[in-house]
1. Condition test on His52, is it in contact (Cβ under 8 Å) with a residue 24 or more places away in the chain, over 23 Å from Thr11 (Cα atoms) and not small (Gly, Ala, Ser)?
2. Residue by residue through segment 1-21, note down the ones that are loosely packed, with under 12 Cβ neighbours inside 10 Å and under 25 Å from Gln78 (Cβ atoms).
3. Please determine whether any residue of segment 77-100 is touching a strand residue (DSSP E or B) at 6+ places or on another chain (Cβ under 8 Å), hydroxyl-bearing (Ser, Thr, Tyr) and within 16 Å of the ligand (Cβ to nearest atom).
4. In segment 28-38, what count of residues is obtained for those that are under 29 Å from Gln78 (Cα atoms) and surrounded by fewer than 15 Cβ atoms within 10 Å (Cβ to Cβ)?
5. Among the basic types (Lys, Arg), part of a loop (DSSP other than H, G, I, E, B) and either touching a His at 6+ places or on another chain (Cβ under 7 Å) or over 27 Å from Arg114 (Cβ atoms) (or both): is that true of Arg68 in this structure?
6. State all residues of segment 72-90 that are in a loop (DSSP other than H, G, I, E, B) and either closer than 14 Å to Cys58 by Cα or without any contact (Cβ under 8 Å) to a residue 40 or more places away in the chain (or both); if no residue qualifies, say none.
7. With (1) among the hydrophobic types (A, V, I, L, M, F, W, C); (2) in contact with a Cys (Cβ under 9 Å, 6 or more places away or on another chain); (3) within 16 Å of the ligand (Cβ to nearest atom) as the list, and Val55 as the residue in question, which single condition is left unmet?
8. Give me the residue from segment 101-121 that is of a type in the set (A, V, I, L, M) and either in contact with a Gly (Cβ under 7 Å, 6 or more places away or on another chain) or near the ligand (Cβ under 10 Å from one of its atoms) (or both) and, out of that set, farthest from Cys18 (Cα to Cα).
Amino acid sequence: MSDAVARLTETPAGVQLCRLDTMADHSARNFVLQMRAGRFHGFIVRSGDRVHGYVDRCPHAGLPLAQRLDEYLAPDGQWIACSWHGALFQIEDGACRAGPCMGQSLMSWPVAVRDEWIVTA
Ligand code: FES
C-alpha cells in the first residue's frame, strides 16, 4: 500500500490565502493547500495590485520550480525562473520564453484580490 498523497492541480474558489499587503511588490510566495482529496502546491507572484498564480510544476520535468522557499523569480524580478534547468516564464501568462520547455506554459492557478485579500478564484 502506498502512502503517496495525491497531487492536485486545482483548488476550490474562495479560499483566503493571505492579505495582499503581506507580499512585497514583485515577490513570489509558495502555497500548499491540504484538502481531503490530496495536496495542492502552487505559487503566486505579486505585480502591483495584481496577482498571478501557477501550479508549482515545471512543464519540462514536472519538478517544483523553486529549491529554496519562495524563490520563484529570476534575480531581475522580471521572470519566473525554474531553479533546475533555467527555464524562464512570463509572469503575466506563464509562457516559457527560454530554456528546455520553450513553447509550453506553466499551469494557471486562478487567484484574485478581493477586499485586500488574495483568494482562489
Ligand atoms: S525542471 Fe524546470 S527547467 Fe527542467
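What follows is calculated from the coordinates using simple rules that are stated; it is not laboratory data. All of these numbers come straight from a predicted model, not from anything done at the bench. With ideal geometry, Cβ positions are generated from the backbone for all residues, glycine too; neighbour counts draw on all protein chains shown.
1. Against the criterion (in contact (Cβ under 8 Å) with a residue 24 or more places away in the chain, over 23 Å from Thr11 (Cα atoms) and not small (Gly, Ala, Ser)), His52 does not qualify.
2. Residues of segment 1-21 loosely packed, with under 12 Cβ neighbours inside 10 Å: 1-6, 12-14, 16, 21.
Asp21 - this is the single residue of segment 1-21 that is loosely packed, with under 12 Cβ neighbours inside 10 Å and under 25 Å from Gln78 (Cβ atoms).
3. Keep residues of segment 77-100 that are touching a strand residue (DSSP E or B) at 6+ places or on another chain (Cβ under 8 Å), which gives 79-82, 86-99.
Next cut, hydroxyl-bearing (Ser, Thr, Tyr) only: none.
Among the residues of segment 77-100, not one is touching a strand residue (DSSP E or B) at 6+ places or on another chain (Cβ under 8 Å), hydroxyl-bearing (Ser, Thr, Tyr) and within 16 Å of the ligand (Cβ to nearest atom), which makes the answer no.
4. Here is the first cut: in segment 28-38, the ones under 29 Å from Gln78 (Cα atoms) are 28-33.
Adding the requirement that they be surrounded by fewer than 15 Cβ atoms within 10 Å (Cβ to Cβ) leaves 32.
Total satisfying the criteria: 1.
5. Numbers: among the basic types (Lys, Arg): yes; part of a loop (DSSP other than H, G, I, E, B): yes; either touching a His at 6+ places or on another chain (Cβ under 7 Å) or over 27 Å from Arg114 (Cβ atoms) (or both): yes.
When the stated conditions are applied, Arg68 passes them.
6. From segment 72-90, those in a loop (DSSP other than H, G, I, E, B) are 72, 74-78, 82-87; that's our starting set.
Residues satisfying the conditions are Tyr72, Ala74, Pro75, Asp76, Gln78, Cys82, Ser83, Trp84, His85, Gly86, Ala87.
7. Status for Val55: all satisfied but (2).
8. Quick first cut of segment 101-121, residues of a type in the set (A, V, I, L, M) only: 102, 106-107, 111-113, 118-119, 121.
Going one step further and asking which of them are either in contact with a Gly (Cβ under 7 Å, 6 or more places away or on another chain) or near the ligand (Cβ under 10 Å from one of its atoms) (or both), we end up with 106, 111, 119.
Numbers: Leu106: 22, Val111: 11, Val119: 7 Å.
Here the answer is Leu106.
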